[in-house]
Amino acid sequence: MKIRGLFQDRGVSSILVVGGCSDYLIADTVIMMEDYIARCFQTLNFQLIARDVTSEAHELIKKGSIAELESHFPEVGDRHVCPRSFCNIQERPPKPRSRNIIQMSKDPAEDLDLSALCQIVHVSQSRLIARALYHLSSKRGDNTALFAMVDKWIARWEESMLNGDGEEEGWLASVRAIDLGMAINRIRGLKVA
């Protein structure tokens, strides 16, 4: 099962709430649920304890009704995106309207909403994201690994600011590469390979 591989290979624990699916009976602990509430029983001292049905679940596996699945979690591949789908560079560059909104085109339905990015705290960071989207969308090439592209762009921008090459030093503030990547993933019409 990939869940076990996720724990063994990556150290990530998982809690799953599933209904009527016997594929997950190989779990380390199985608790009976009813209407998404743990079915409990009362002990002698009036404590309610969730009904642990792990042994019954493992018995089903031993009877051969459920096959043990692959136990290694597959490697996570790079996410490849088409930079030209970020914005239409012939129309006009993206323009931040506030800390949370970047206007991507004349159509307000295509505005980029950054409100879920809690590390974006000032409009100067939105300006940098808008500039990055414009520069990245003018790059040649169809499919690029998002992580490498974003990391490289942020590193170049930070280096240019440290060297004094930045032309608008007071208008732009640094963002983390992950924030730029999350902004890109929120673009309507983003083409992913």
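Computed from the coordinates by the stated procedures, all read-outs in this text should not be read as laboratory data. Keep in mind that what you see is a predicted model, and the values were worked out from it rather than measured. Because the Cβ atoms are built from the backbone with ideal geometry, glycine has one as well, and the counts that use them run over all protein chains shown.
Most exposed first by the Cβ proxy, i.e. fewest other Cβ within 10 Å, how do C118, C87 rank?
Lowest to highest Cβ neighbour count: C118, C87.
Counting only residues 5 or more places away or on other chains, whose amide H sits under 5 Å from the amide H of H80 once H atoms are built in the peptide plane?
Hits under the 5 Å cutoff: L146, A193.
For a quick check: with amide H placed at 1.01 Å from N, whose amide H comes under 5 Å from I101's, ignoring anything fewer than 5 positions away on the same chain?
Answer set, sorted by chain and number: L114.
Need the C-alpha centroid separation for the range 99-121 versus the range 176-192, integer Å.
Between the Cα centre of the range 99-121 and that of the range 176-192, the gap is 11 Å.
Sort 52-62, 183-193 by the packing proxy (mean of other Cβ within 10 Å over each peptide's residues), most packed first.
183-193, 52-62
Please identify every one of the trypsin sites (Lys or Arg not before Pro) in the range 117-160 that sits in a loop by DSSP and has no more than 11 other beta carbons within 10 Å of its own beta carbon.
Filter output for the range 117-160: R140.
What's the exposure ranking of M149, M33, going from fewest to most Cβ atoms within 10 Å?
Final ranking by Cβ density, sparse to dense: M33, M149.
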